[in-house]
Amino acid sequence: MEKIRLNMTVNGKEIDVLTEPRQLLAHVLREELKLTGTHIGCETSHCGACTIDMNEMSVKSCSVFAAQAQGANITTIEGLGTPDGLHLLQEMFKEHHGLQCGYCTPGMITRAYRLLQENSNPTEEDVRFGMSGNLCRCTGYQNIVKAILATAEKMSEMKESA
């Protein structure tokens, strides 16, 4: 199959990669760009482990062809924080025990990031509904919800003190 040159911005960096147009974006991120935080759970878009932020929308990267990402602005879990400087959501997931095995966590945090961009003061019901496309088989969700609500509260406090 003929390859295409894919240009996009990933985690703030301009990327130019040669790939097959029908290659799934999740595989391009993991295999071509070595961004292995994007997990592949089901390859049917049901679980949400592969959730990324693409053009200011939550997207399940296992259901997007590479060619569809031409010119896109993408943020993966690697773009939200670093081991030395965690994103506030990552801190709150850690503080509120919002993970167990951790497999779903990158997709959960990336989705929660977009949810909080869309609604900076969500209710518990808003969070549960907004996260319903991301599945976790370990936690029972309560601590995930707590972590997201705590993040929203801290973000509000930071705005008020600024």
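A short reminder: the numbers here are calculations on the coordinates, not readings from a lab. Note that the structure is predicted; figures quoted are calculated from it, not measured. Cβ placement follows ideal geometry from the backbone for every residue including glycine, while neighbour counts extend to all protein chains displayed.
Shape class of segment 80-162 from the alpha-carbon gyration tensor: oblate, with a/c at 1.5 or above and b/c at least as large as a/b.
Can you pull out the trypsin sites (Lys or Arg not before Pro) in segment 23-125 that DSSP calls coil and that have at most 10 other Cβ atoms within 10 Å?
Values: sites: Arg30, Lys34, Lys60, Lys94, Arg111, Arg114; in loops: Lys34.
Of the trypsin sites (Lys or Arg not before Pro), the ones in loops of segment 23-125 whose Cβ has at most 10 other Cβ atoms within 10 Å are Lys34.
Placing +1 on the Cβ of every Lys and Arg and -1 on the Cβ of every Asp and Glu, with no other charges, gives the chain a dipole of roughly 360 debye about its Cα centre.
Rounded to 0.05, the FRET efficiency of the Glu43 and Thr82 pair, given R0 = 22 Å and the Cβ-Cβ distance, is 0.20. Between the listed residues Gln90, Gly133, Met155, the Cα displaced farthest toward the positive end of the dipole of segment 75-162, a dipole computed from Cβ unit charges relative to the Cα centre, is found at Gly133.
Per-residue Cβ neighbour counts within 10 Å put Met155, Met108 in the sequence Met155, Met108, beginning with the fewest. Label 7 Å along Cα→Cβ of Gln70; segment 41-55 residues with amide nitrogen under 19 Å? Backbone N within reach: 54-55. Ranked for footprinting exposure by Cβ neighbours inside 10 Å, fewest first, Glu153, Glu14 give Glu14, Glu153.
Model label points for Arg22 and Lys159, set 7 angstrom from Cα along the Cα-to-Cβ axis, are 4.6 nm apart. Among the DSSP helices (H) of the chain, those spanning at least 27 angstrom by Cα along their long axis with an average Kyte-Doolittle hydropathy of -1.0 or more are 142-161; this is a geometric and hydropathy rule only. Kirkwood radius for segment 4-79, taken over all pairs of different Cα atoms as the inverse mean of 1/r, rounds to 11.9 Å.
If you run the Gaussian network model on the chain, springs between alpha carbon atoms under 10 Å, then out of Ala26, Ala49, Ala67 the most flexible one is Ala67.
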